[in-house]
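Readers should treat all values here as calculations from the given coordinates under stated rules, not as data from a laboratory. In this text the structure is predicted, and so the values were computed from the model without any measurement. As a convention, Cβ positions derive from the backbone with ideal geometry for all residues, glycine included, and neighbour counts pool all protein chains shown.
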Amino acid sequence: MEVGKSVPRVDAFDKVTGRARYADDLCPRPVLEAKILHSTIANGWVKSMDISRAQALPGVVKVLTCFDVPAHQYPTPGHPWSVEEAHQDVSDRKLLNRRVRIYGDDIAAVVAQDALTAQRALELIQVEYETYPPLLTPEQAMADGVKPLHEEFPGNVLKRHVSEIPMPESDFKCAGDVLSFPGYHQFHGHYETQQVQHCHLENPVSWAYVEGGRITVVTSTQIPHIVRRVVGQALGIPWGSVRILKPYIGGGFGNKQEVLYEPLNAWLCTQVGGRTVRLDLSREETFQNTRSRHPISFDVRAAVDGDGFLMARECIAVSNQGGYASHGHAIVSNAVTGFRQTYLDQLAHRSEAWTVYTNIASPGAMRGYGIPQCNFACECMMDDIALQFGLDPYQFRYQNLMPPGYVDPLNGITCHSTGARECLEKGREFIDWDRLRREYQGQSGPVRRGVGMAVFSYKTGVWPISLETSSARVVLNQDGTVQLQLGATEIGQGGDTVFSQMAAQAIGIPTEDVHIVSTQDTDTAPFDTGAYASRQTYVTGHAIKKAGLLFREKVLAYARELLKRPGELDIRGREVVDAASGEGLLTLAELASEAFYSLDHCVHITAEATSQCKENTFSFGCCFAEIEVDIPVGKIKVLNIVNVHDSGRLINPKLAEAQVHGGMSMGLGYALSEEMKYDPKTGRLLNGNLLDYKLPTALDHPELHALFVETDDPSGPFGNKSLGEPPAIPVAAAVRNALLHATGVAVNTLPLSPQRLLEAFRKGGLL
Amino acid sequence: MYDIASIYEAKSVDDAIRALKEDPGALIIAGGTDVLIKVREGKLSGCRLVSIHGLIEELSGVVLTPGGDIEIGPLTTFRQVAEDPVIRARIPVLGQAVDQAGGPQLRAVGTIGGNVCNGITSADSASTLMALDARLRVKGPRGEREVPISQWYKGVGRVDLAPYELLVKLVIPRENYEGYTGHYIKYAMRNAMDIATLGVSCLVKLDEQRRIVDDVCLAFGVAGPVPMRSYGAEAAVRGLPVEQAVSAIGKAALEDVNPRDSWRASKALRLQLVEELSARALAEAARKGGAAV
């Protein structure tokens, strides 16, 4: 079995020795450097621009402004293109924009012989603005009389939707009836999550050149095939004239599931005669001008019966979209859906979701895609209900969990397998829940301890919301090893390793005999929409399995032709064997040599398959956290923390564990310290750098524990379900609920920073 | 991308002073952990630099003088200060303080002299050097002079360095550390790679029974525009039994400080920290001195 083994990462040695090459390592030098002029207002118009001094600076090749770009708008999110116009992404930006919608919006660009000259040229450009007040919250943006950010959306509401699940026969007509029924416990709460960023190590960087009338962009992206399409759309050129190369990348976490600066880079290149132009974003630009996690505020209600069963819930979510639509309404839509799914409502559920344009830096996709937000609201609510109505928070969750066989009444996603209850049991035992809940009851004094938990469910891919497709190609080498070619991408998560294991498993060869082609070149890589959701082991896994089995059949057919003997054949290790006796008959090296060089029947054995995945499934898990709160200084120290996951069968247990550690780390930053802050007067991002933005360091982490419950999911290619995003989901609520346990103070806004804690402690009479 | 017009690598302290005289607009660069950040941010675009980075022999190292004073060369890195045997044996609180600056890479190049000359209230060495009443020896075209650190800070980012002057020595007089134990608390939003929201350094000298506070020196970073001593609080608790001193020092310190409201932290948060951490720093310093608190 190659699947299920902790084989070392296929890229481990190259990455730790610095041999692995990333986009910028491949860039030829010298190269023309591009720099972007960012607006110094958050909301308004560029009235005019004087570029004469910049243009005159020696070493400047070209200055281009928002007055020079093509007039049409294009979409940027990394979604599969929809052939139905109604489902296509919102096209709301140009390559450079006269209408300024965020502080630091892209309004001009300089191409120069070197970066310093380009930078100096930017400082010589004179801009005249028409300025409006910055609108930083949905409330401000939806107020009467404010100027719309996009003329297509006059009230600044990108989208609003309401949904209710069908109700069983009863006296209640709608969710509202159940929620206000006096016979049930009635609960309402308000929770808010903040804007955070991915903080991948490698900032977005790309370089572009023209060759043979076609443009090539080498870029740090999660989604090369989508970048190809969007560059084509943005420049108004045929998609086939665009070639995208994606080498190793230093992390993405969803920020690079967006077409960021590749279109501008490509366009600038075409404006300087196709010479190679490099566009390298600074960390500050990455914060200000690329994507982030949406701040979402939640108003929730619940009705609970006397036995602690959820009768109905309501979730009203308002998502702050910033200046551009990016993934738009899809994220808050996913958030209210995720809020609905983890627990079963006996009677009714109502969702209402808003996406509102404002002038903050535009959020987009980020690990968990709306679910970390809704999980905070949902899991704070579960603890608050338990506290208010005297229920045990563990038991209350346990008895309301999504049952096996659950089918979402609105999108049909089905619970094919669940280890949710076992996850809870395992976590409870690991953290010693019962003892700690007792022991930490009713403490006094300045330093107190508490233990909290949170549960989540997470769908694996994006079907049926959008298309799921993947293709894989297996090619025989002369020595009997194979090459695996995919459109799915390695983004640091270990994709290449588990893809290799899956191919090896399907074919019947050792993983080290699978040579994966890590770089995607859209000219040659099979089509796949890329690394996002938690889809690749699930969706691409099906394609690999299909191509692998096809390849295996072709190899065996050729073996039968060579061996001319009766009986079933099989591939084991590096040999074709008699299936019944296991007797070795022909090595794969011998077979390959014959296939490549046979004077009789020469054939290059290859297999290619597309798998369209019209299935989806839920993974589950939970987090248990034990904390210590230093009340007078407002600090939380996490003493012990564990995530328990049901992600189906693990393809590579060690990598799975590492994936969980990374997600927990992201969750801890979300819980305790990370937050993008703006100047209310100007709309400028105040802390867009890694000093002022408090990403936790190694010294801020406790030991991270990861446990698994392995179910065998019938819909997964190898029994597997999602794991990429889920680890980041439940941490914040678990820490917050531990704080509630320790102090009795409910903090309903993230992050749980010292400032916020001290204010809450003072209000709660603790100080 | 660093917009630097020129850099001159000085061959000696005198050569550096000469170079500064020749080019009055030039800036001194030592470890570079402050200057290069400003250059990258565009605040010093096109700057001309005089580097003293290579003057290790003249300006680096810790020496215990025959009289018992401790002399620290300004080019001594944070790491060297933290690991120095003289510092560890006689003023461990200073080593403890500088060991909390930035991360390991920064501490390997950032210098204690730069930390002091940068004139920033959050400097990790500053509050402890204030508590120790360090003396700063500077050299200029007209020779050397010594400035007590209490008169060093002139405002945000401004220190008592005349044109063409260089800091050449930090001196901790024997009477300022002997018999004292100290504790530094850096309060920041992270445990590494961060700037203090508040820094508190407390030195204490106890009576022979380890019960009474004979003397105390309390100093803060980020409690005002420049590093500061809390003389009022010191006077308020001097002569008190340790436990009483610990419970009184925080409130008394509030009278001395003047932190500001900023988006990084509110004034209320900083005041709360001044009160709480003064007590904790004194208690811990006294504990190190043998008090049972």
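Rg over Rh of the range A:490-535, using C-alpha atoms and the Kirkwood radius, what does it come to? Mind showing how you got there, number by number?
Numbers: Rg = 11.5 Å, Rh = 11.7 Å.
For the range A:490-535, the value is 0.98.
Ratio of alpha-carbon Rg to the 2.2 N^0.38 Å globular estimate for chain A, to two decimals, please. Please report the intermediate quantities before stating the final value.
Values: Rg = 27.3 Å, N = 767, 2.2 N^0.38 = 27.5 Å.
The value comes to 1.00.
Using the C-alpha atoms of the range B:60-175, what convex hull volume per residue, in cubic angstrom, is computed? Display every interim value, and only then the final one.
Numbers: hull volume 11.4 nm³, N = 116.
So the per-residue Cα hull volume is 98 Å³.
What order do you get for B:Cys47, A:Cys374, B:Cys217, A:Cys423 when you list them from fewest to most C-beta neighbours inside 10 Å? Intermediate results must be reported in sequence, preceding the final value.
Values: B:Cys47 19, A:Cys374 30, B:Cys217 23, A:Cys423 26.
Ranking B:Cys47, A:Cys374, B:Cys217, A:Cys423 by Cβ neighbours within 10 Å, fewest first, gives B:Cys47, B:Cys217, A:Cys423, A:Cys374.
Mind jotting down the distance between the C-alpha centroids of the range A:70-131 and the range B:157-185, whole Å?
Each part reduced to its Cα centre gives a spacing of 51 Å.
Can you compute the helix-only [θ] at 222 nm over chain A? Use -39500 (n - 2.57) per DSSP H run of at least 4 residues, normalise by all residues, nearest 500 deg cm²/dmol. Walk me through the intermediate numbers first.
Details: 19 runs with 205 residues, N = 767.
Computed ellipticity for chain A at 222 nm equals -8000 deg cm²/dmol.
No solvent, one uniform scatterer per C-alpha: report log10 I(q)/I(0) for the range B:4-51 via the Debye equation at q = 0.13, 0.16, 0.20, 0.23 1/Å, two decimals.
-0.27, -0.40, -0.61, -0.78
Please go through the residue pairs B:Lys205/B:Lys251; A:Lys246/A:Lys545; A:Lys15/B:Lys11; A:Lys15/A:Lys614 and name each one whose alpha carbons sit more than 31 Å apart in this structure.
Working: B:Lys205/B:Lys251 21 Å; A:Lys246/A:Lys545 24 Å; A:Lys15/B:Lys11 41 Å; A:Lys15/A:Lys614 35 Å.
From B:Lys205/B:Lys251; A:Lys246/A:Lys545; A:Lys15/B:Lys11; A:Lys15/A:Lys614, over 31 Å: A:Lys15/B:Lys11; A:Lys15/A:Lys614.
Read phi for every residue in the range A:204-209 and hand back ³J(HN,Hα) as whole Hz from Karplus 6.51 cos²θ - 1.76 cosθ + 1.60, θ = phi - 60°, with x for Gly and Pro.
Once rounded to whole Hz, the list reads x, 9, 8, 8, 9, 8.
Quick query: amide H of B:Val147 versus all other amide H atoms, modeled in the peptide plane; which residues come in under 5 Å with a sequence gap of 5 or more or a different chain?
Those lying under 5 Å, H to H, from B:Val147 are B:Leu136, B:Arg137, B:Val138.
For chain B, what is the convex hull volume of its Cα atoms per residue in Å³? Walk me through the numbers on the way to the answer.
Working: hull volume 36.7 nm³, N = 293.
Output value, Cα hull per residue: 125 Å³.
Using modelled amide H (1.01 Å from N, peptide plane; none on Pro or chain starts), what sits under 5 Å from the amide H of A:Tyr678, excluding residues fewer than 5 places away?
Those qualifying (amide H under 5 Å, at least 5 residues apart or on another chain) are A:Leu686.
Return the Cα extents of the range B:177-288 along principal axes one, two and three, sorted largest first, each rounded to a whole Å.
The Cα atoms of the range B:177-288 stretch 46, 28, 20 Å along the principal axes, largest first.
Kirkwood Rh over alpha-carbon pairs of the range A:247-301, then Stokes-Einstein at 20 °C and 1.002 mPa s: what D in µm² s⁻¹, rounded to an integer? Intermediate values should be presented prior to the final figure.
Numbers: Rh = 13.9 Å.
In µm²/s, the coefficient rounds to 154.
Provide B:Arg137, A:Arg301 in ascending order of the number of other Cβ atoms located within 10 Å of each residue's Cβ, fewest first. Walk me through the numbers on the way to the answer.
Values: B:Arg137 16, A:Arg301 20.
The most exposed by this proxy come first: B:Arg137, A:Arg301.
Mind ordering A:554-564, A:400-410 by average Cβ neighbours within 10 Å, highest first? Working shown, then result.
Numbers: A:554-564: 16.8, A:400-410: 15.0.
Output ranking for A:554-564, A:400-410: A:554-564, A:400-410.
Read phi for every residue in the range B:207-223 and hand back ³J(HN,Hα) as whole Hz from Karplus 6.51 cos²θ - 1.76 cosθ + 1.60, θ = phi - 60°, with x for Gly and Pro.
Whole-Hz 3J(HN,Hα) from phi for the range B:207-223: 6, 5, 7, 6, 10, 10, 7, 6, 8, 8, 10, 10, 9, 10, x, 6, 9.
Would you work out the Kirkwood radius for the range A:672-741? I mean one over the mean of 1/r across all pairs of different Cα atoms, in Å.
On the way: mean 1/r = 0.0620 Å⁻¹.
Result for the range A:672-741, one decimal place: 16.1 Å.
Would you mind checking the tilt of helix B:267-288 against the longest principal axis of the Cα atoms of chain B, expressed as 0 to 90 degrees and rounded to 10?
In chain B, helix B:267-288 runs at an angle near 70 degrees to the longest axis.
Just for chain A, what percent of DSSP beta bridges are antiparallel, to the closest 5?
On the way: 106 of 133 bridges.
The antiparallel proportion sits near 80 percent.
Distance from the Cα centre of the range B:3-48 to that of the range A:453-532, in angstrom?
Answer, in whole Å: 52.
Rounded to whole Å and sorted largest first, what semi-axes of the equivalent ellipsoid does the C-alpha gyration tensor of the range A:1-68 yield via the square root of 5 times each eigenvalue?
Numbers: eigenvalues 424, 77, 15 Å².
They are 46, 20, 9 Å, listed largest first.
Just list whichever of A:Lys256/A:Lys554; A:Lys94/B:Lys38; A:Lys426/A:Lys637; A:Lys35/A:Lys681 have alpha carbons separated by over 31 Å in the model shown. Mind showing how you got there, number by number?
Working: A:Lys256/A:Lys554 37 Å; A:Lys94/B:Lys38 33 Å; A:Lys426/A:Lys637 23 Å; A:Lys35/A:Lys681 27 Å.
The answer is A:Lys256/A:Lys554; A:Lys94/B:Lys38.
Go ahead and estimate [θ] at 222 nm for chain B from helices alone: -39,500 (n - 2.57) per DSSP H run with n ≥ 4, summed, over the residue count, rounded to 500. Spell out each step's value before the answer.
Numbers: 13 runs with 103 residues, N = 293.
Helix-only estimate at 222 nm: -9500 deg cm²/dmol.
Can you list the HN-Hα couplings for the range B:73-85, worked out from phi with the Karplus curve (6.51, -1.76, 1.60; θ = phi - 60°), rounded to whole Hz and with x for Gly and Pro?
Per residue, the Karplus-derived 3J(HN,Hα) values read x, x, 7, 5, 6, 3, 5, 5, 4, 5, 9, 5, x Hz.
What ranking of B:Glu71, A:Glu703 emerges when the number of other C-beta atoms within 10 Å of each C-beta is taken as an exposure proxy, fewest first? Spell out each step's value before the answer.
On the way: B:Glu71 17, A:Glu703 10.
Exposure proxy ranking, most exposed first: A:Glu703, B:Glu71.
To the nearest 10 degrees, how steep is helix B:242-254 against the longest Cα principal axis of chain B, on a 0 to 90 scale?
Compared with the principal axis, the helix lies near 50 degrees.
Residues with amide H under 5 Å of A:Arg350's amide H, sequence separation 5 or more or different chain, H placed in the peptide plane at 1.01 Å from N; which?
So A:Arg350 has HN proximity to A:Arg313, A:Glu314, A:Cys315.
Please work out the FRET efficiency for the pair B:Gln105 and A:Phe389, using the Cβ-Cβ distance as r and a Förster radius of 51 Å; give the result to the nearest 0.05. Present the calculation step by step, with values, prior to reporting the outcome.
Values: r = 53 Å, r/R0 = 1.03.
In this case the efficiency is close to 0.45.
Would you compute, for the Cα atoms of the range A:469-612, the largest minus smallest coordinate along each principal axis and list the three values in descending order, in whole Å?
Projected onto its principal axes, the Cα set of the range A:469-612 covers 47, 31, 25 Å.
Could you please state, rounded to a whole Å, how far the C-alpha centre of the range B:247-267 is from the C-alpha centre of the range A:695-767?
32 Å
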